[in-house]
Amino acid sequence: MAGNNRLSDLTNEISRCRICCDRSITNPLPHESRPVLIASTKAKIAICGQAPGARVHKSGIPFTDRSGVRLRDWMGTCEKDFYNPAKFAIVPMGFCFPGLDAKGADMAPRRECALAWRRKVIDAMPQLKLLLAVGIYAQAWHIGKRRKRNLTCTVAAWREYLNESEAPTILPLPHPSWRNNSWLRKNPWFDKELLPVLKKMIQVELK
Ligand code: SF4
(Lines give C-alpha, C1' and ligand atoms only; values in the text may rest on other atoms or scores of the structure.)
Protein backbone atom coordinates (compact mmCIF):
# COMPACT_ATOMS: atom_id res chain seq x y z
CA MET A 1 0.00 0.00 0.00
CA ALA A 2 2.86 2.37 0.87
CA GLY A 3 4.33 1.80 -2.60
CA ASN A 4 0.96 2.54 -4.18
CA ASN A 5 0.63 5.80 -2.28
CA ARG A 6 4.17 6.80 -3.12
CA LEU A 7 3.60 6.24 -6.82
CA SER A 8 0.24 7.94 -6.83
CA ASP A 9 1.71 11.01 -5.04
CA LEU A 10 4.45 11.05 -7.63
CA THR A 11 2.13 10.79 -10.63
CA ASN A 12 -0.06 13.53 -9.15
CA GLU A 13 2.99 15.72 -8.87
CA ILE A 14 3.98 14.92 -12.46
CA SER A 15 0.48 15.71 -13.71
CA ARG A 16 0.96 19.27 -12.43
CA CYS A 17 4.48 19.63 -13.81
CA ARG A 18 5.18 22.74 -15.90
CA ILE A 19 8.98 22.69 -15.88
CA CYS A 20 9.21 22.88 -19.68
CA CYS A 21 6.60 25.64 -19.96
CA ASP A 22 8.72 28.10 -18.03
CA ARG A 23 9.21 31.05 -20.42
CA SER A 24 12.57 31.83 -18.85
CA ILE A 25 14.16 28.56 -20.08
CA THR A 26 15.66 28.06 -23.54
CA ASN A 27 13.09 26.74 -25.97
CA PRO A 28 10.06 26.29 -23.68
CA LEU A 29 7.24 24.01 -24.81
CA PRO A 30 5.10 25.71 -27.49
CA HIS A 31 1.96 24.45 -25.75
CA GLU A 32 0.66 23.70 -22.29
CA SER A 33 2.21 20.64 -20.65
CA ARG A 34 0.24 17.40 -20.71
CA PRO A 35 2.21 14.54 -19.18
CA VAL A 36 1.13 11.18 -20.60
CA LEU A 37 2.27 8.07 -18.76
CA ILE A 38 0.91 4.99 -17.07
CA ALA A 39 2.88 4.12 -13.95
CA SER A 40 1.96 1.10 -11.89
CA THR A 41 3.02 -0.82 -8.82
CA LYS A 42 1.64 -4.03 -10.34
CA ALA A 43 2.94 -4.17 -13.91
CA LYS A 44 5.90 -6.47 -14.49
CA ILE A 45 6.71 -4.89 -17.85
CA ALA A 46 7.60 -1.26 -18.57
CA ILE A 47 7.45 0.21 -22.06
CA CYS A 48 9.94 3.05 -22.20
CA GLY A 49 9.54 5.00 -25.42
CA GLN A 50 10.47 8.53 -26.47
CA ALA A 51 7.71 11.10 -25.92
CA PRO A 52 4.07 11.55 -26.91
CA GLY A 53 3.41 12.74 -30.46
CA ALA A 54 0.70 15.22 -31.45
CA ARG A 55 -2.06 12.58 -31.48
CA VAL A 56 -1.17 11.29 -28.05
CA HIS A 57 -0.96 14.87 -26.77
CA LYS A 58 -4.59 15.21 -27.88
CA SER A 59 -5.85 11.85 -26.61
CA GLY A 60 -3.88 11.86 -23.34
CA ILE A 61 -3.42 8.09 -23.81
CA PRO A 62 -0.01 6.63 -24.73
CA PHE A 63 0.50 5.06 -28.16
CA THR A 64 -2.91 5.97 -29.62
CA ASP A 65 -1.23 6.17 -33.02
CA ARG A 66 0.24 3.95 -35.73
CA SER A 67 3.36 3.36 -33.64
CA GLY A 68 1.14 1.86 -30.95
CA VAL A 69 -0.48 -0.51 -33.44
CA ARG A 70 2.93 -1.76 -34.58
CA LEU A 71 4.31 -1.99 -31.06
CA ARG A 72 1.36 -4.11 -29.91
CA ASP A 73 1.88 -6.32 -32.95
CA TRP A 74 5.57 -6.74 -32.05
CA MET A 75 4.59 -7.64 -28.50
CA GLY A 76 1.73 -9.94 -29.48
CA THR A 77 -0.53 -7.94 -27.17
CA CYS A 78 -4.12 -6.77 -27.58
CA GLU A 79 -5.21 -3.21 -26.78
CA LYS A 80 -7.10 -4.33 -23.69
CA ASP A 81 -3.98 -5.86 -22.11
CA PHE A 82 -1.71 -3.07 -23.34
CA TYR A 83 -3.71 -0.45 -21.45
CA ASN A 84 -4.11 -2.57 -18.32
CA PRO A 85 -1.84 -0.99 -15.66
CA ALA A 86 -1.69 -4.31 -13.85
CA LYS A 87 0.14 -5.63 -16.92
CA PHE A 88 2.11 -2.76 -18.48
CA ALA A 89 3.58 0.50 -17.28
CA ILE A 90 4.16 3.02 -20.08
CA VAL A 91 6.77 5.57 -19.13
CA PRO A 92 8.34 7.51 -22.02
CA MET A 93 11.59 9.44 -21.66
CA GLY A 94 9.67 12.71 -21.93
CA PHE A 95 6.12 12.77 -20.60
CA CYS A 96 4.88 15.71 -22.70
CA PHE A 97 4.69 16.21 -26.47
CA PRO A 98 7.89 18.16 -27.22
CA GLY A 99 6.54 19.87 -30.38
CA LEU A 100 7.66 19.65 -34.00
CA ASP A 101 10.93 20.67 -35.61
CA ALA A 102 11.27 22.75 -38.80
CA LYS A 103 10.78 19.61 -40.93
CA GLY A 104 7.59 18.63 -39.12
CA ALA A 105 9.18 15.75 -37.21
CA ASP A 106 8.66 15.25 -33.48
CA MET A 107 11.37 16.91 -31.43
CA ALA A 108 13.48 14.92 -29.00
CA PRO A 109 12.03 14.15 -25.57
CA ARG A 110 12.62 17.04 -23.19
CA ARG A 111 15.84 16.42 -21.27
CA GLU A 112 14.38 18.16 -18.25
CA CYS A 113 11.84 15.38 -17.88
CA ALA A 114 14.18 12.46 -17.31
CA LEU A 115 16.34 14.63 -15.06
CA ALA A 116 13.37 15.63 -12.92
CA TRP A 117 11.32 12.46 -12.83
CA ARG A 118 12.78 9.33 -14.34
CA ARG A 119 14.78 7.92 -11.45
CA LYS A 120 11.89 8.52 -9.04
CA VAL A 121 9.32 6.88 -11.32
CA ILE A 122 11.43 3.80 -12.04
CA ASP A 123 12.42 3.46 -8.38
CA ALA A 124 8.74 3.56 -7.41
CA MET A 125 8.13 0.43 -9.52
CA PRO A 126 10.56 -2.09 -7.94
CA GLN A 127 8.38 -5.00 -9.12
CA LEU A 128 9.40 -4.50 -12.78
CA LYS A 129 10.90 -7.56 -14.41
CA LEU A 130 11.23 -6.49 -18.02
CA LEU A 131 11.94 -3.04 -19.42
CA LEU A 132 11.56 -2.40 -23.14
CA ALA A 133 13.98 0.37 -24.10
CA VAL A 134 12.29 1.68 -27.24
CA GLY A 135 14.58 3.98 -29.23
CA ILE A 136 17.87 5.71 -28.60
CA TYR A 137 16.78 7.96 -25.75
CA ALA A 138 15.51 5.12 -23.58
CA GLN A 139 18.59 3.07 -24.47
CA ALA A 140 20.90 5.95 -23.53
CA TRP A 141 19.27 6.22 -20.13
CA HIS A 142 18.66 2.58 -19.27
CA ILE A 143 21.63 0.89 -20.96
CA GLY A 144 24.02 3.82 -20.67
CA LYS A 145 27.68 3.03 -21.35
CA ARG A 146 26.86 -0.56 -22.23
CA ARG A 147 25.23 0.69 -25.44
CA LYS A 148 26.96 -0.06 -28.73
CA ARG A 149 28.04 2.53 -31.27
CA ASN A 150 24.56 3.07 -32.72
CA LEU A 151 20.96 1.90 -32.33
CA THR A 152 21.30 -0.95 -34.84
CA CYS A 153 24.32 -2.38 -33.02
CA THR A 154 22.64 -1.95 -29.62
CA VAL A 155 19.46 -3.73 -30.73
CA ALA A 156 21.55 -6.41 -32.48
CA ALA A 157 23.29 -7.06 -29.14
CA TRP A 158 19.94 -7.77 -27.42
CA ARG A 159 21.00 -11.24 -26.22
CA GLU A 160 23.87 -9.68 -24.29
CA TYR A 161 21.48 -7.46 -22.29
CA LEU A 162 19.14 -10.36 -21.59
CA ASN A 163 22.04 -12.21 -19.99
CA GLU A 164 22.72 -9.45 -17.49
CA SER A 165 21.66 -10.32 -13.97
CA GLU A 166 20.35 -6.91 -12.86
CA ALA A 167 16.57 -6.44 -12.60
CA PRO A 168 14.67 -5.42 -14.57
CA THR A 169 15.92 -7.22 -17.66
CA ILE A 170 16.38 -4.69 -20.45
CA LEU A 171 15.47 -5.39 -24.05
CA PRO A 172 16.41 -2.70 -26.61
CA LEU A 173 14.01 -2.12 -29.50
CA PRO A 174 13.89 0.38 -32.36
CA HIS A 175 11.03 2.87 -32.32
CA PRO A 176 7.94 1.37 -34.01
CA SER A 177 7.38 4.55 -36.03
CA TRP A 178 6.72 4.30 -39.79
CA ARG A 179 9.92 6.35 -40.12
CA ASN A 180 11.77 3.13 -39.27
CA ASN A 181 10.24 1.07 -42.09
CA SER A 182 13.48 1.04 -44.03
CA TRP A 183 15.45 0.06 -40.88
CA LEU A 184 13.07 -2.89 -40.45
CA ARG A 185 13.58 -3.93 -44.08
CA LYS A 186 17.36 -3.73 -43.73
CA ASN A 187 17.43 -5.73 -40.50
CA PRO A 188 15.27 -8.84 -41.06
CA TRP A 189 16.87 -10.58 -38.05
CA PHE A 190 14.82 -8.25 -35.85
CA ASP A 191 11.56 -9.77 -37.07
CA LYS A 192 12.85 -13.33 -37.31
CA GLU A 193 14.96 -13.62 -34.16
CA LEU A 194 14.14 -10.88 -31.66
CA LEU A 195 10.36 -10.53 -31.97
CA PRO A 196 9.56 -14.20 -31.22
CA VAL A 197 11.63 -13.89 -28.04
CA LEU A 198 9.92 -10.62 -27.11
CA LYS A 199 6.49 -12.21 -27.51
CA LYS A 200 7.55 -15.19 -25.42
CA MET A 201 8.97 -12.99 -22.64
CA ILE A 202 5.76 -11.02 -22.49
CA GLN A 203 3.66 -14.16 -22.24
CA VAL A 204 5.84 -15.39 -19.39
CA GLU A 205 5.58 -12.12 -17.44
CA LEU A 206 1.82 -11.85 -17.95
CA LYS A 207 1.12 -15.33 -16.57
S1 SF4 B 1 8.02 17.06 -20.31
FE2 SF4 B 1 8.28 16.32 -18.21
S3 SF4 B 1 9.48 17.92 -17.17
FE4 SF4 B 1 8.62 18.82 -19.05
S5 SF4 B 1 6.67 19.76 -18.40
FE6 SF4 B 1 6.21 17.68 -19.14
S7 SF4 B 1 6.25 16.42 -17.26
FE8 SF4 B 1 7.32 18.35 -16.80
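The values are calculated or read from the model by the stated rules, or taken from the named source; none is laboratory data. Bear in mind the structure is a predicted one, so any value in this text is a computation, not a measurement. Positions of Cβ are generated from backbone atoms using ideal geometry, with glycine treated the same way; all protein chains shown enter the neighbour counts. With ligands, DNA and RNA removed, areas are computed over all heavy atoms of the protein, side chains included. Shrake-Rupley method; radii C 1.70, N 1.55, O 1.52, S 1.80 Å.
With every protein chain kept in the model, how would you rank M201, M107, M75 by accessible area, 1.4 Å probe, largest at the top?
Highest to lowest solvent-accessible surface, that is M107, M201, M75.
Could you order the peptides 82-92, 190-200 from most to least packed, using the average number of other C-beta atoms within 10 Å per residue?
Peptide ranking by packing, descending: 82-92, 190-200.
Is region 19-153 best put as rounded, prolate or oblate by its Cα gyration tensor, with a ≥ b ≥ c the root eigenvalues, rounded for a/c under 1.5, and otherwise prolate when a/b is larger than b/c, oblate when not?
rounded
When a/c reaches 1.5 or more, the comparison of a/b and b/c decides; with that in mind, is region 98-157 rounded, prolate or oblate per its Cα gyration tensor?
The shape class here is oblate.
Over all directions, how big on average is the projection of the convex hull of the alpha-carbon atoms in region 127-179, in square nanometres?
3.8
I need the peptides 135-143, 159-167 ranked by packing, meaning the mean over residues of other C-beta atoms within 10 angstrom, with the highest value on top.
Per-residue Cβ counts within 10 Å, averaged per peptide and sorted highest first, yield 135-143, 159-167.
Report the antiparallel proportion of the DSSP beta bridges in region 2-206 as a percent, rounded to a multiple of 5.
So the antiparallel bridges amount to about 15 percent of the total.
If Lys and Arg each add +1 and Asp and Glu each add -1, what is the summed charge of the other residues whose beta carbon sits under 9 Å from the beta carbon of T154?
+4
Tell me, what is the per residue accessible area of the chain in Å², probe radius 1.4 Å?
Computed with neighbouring chains in place, this is 53 Å² per residue.
Quick check for me: using +1 on Lys/Arg Cβ and -1 on Asp/Glu Cβ, what's the dipole size of the chain about its Cα centre, in debye to the nearest 20?
With only Lys, Arg, Asp and Glu charged at Cβ, the dipole is about 300 debye.
Keeping the other protein chains in place, figure out the carbon and sulfur percent of the accessible area of the chain, with a 1.4 Å probe.
52
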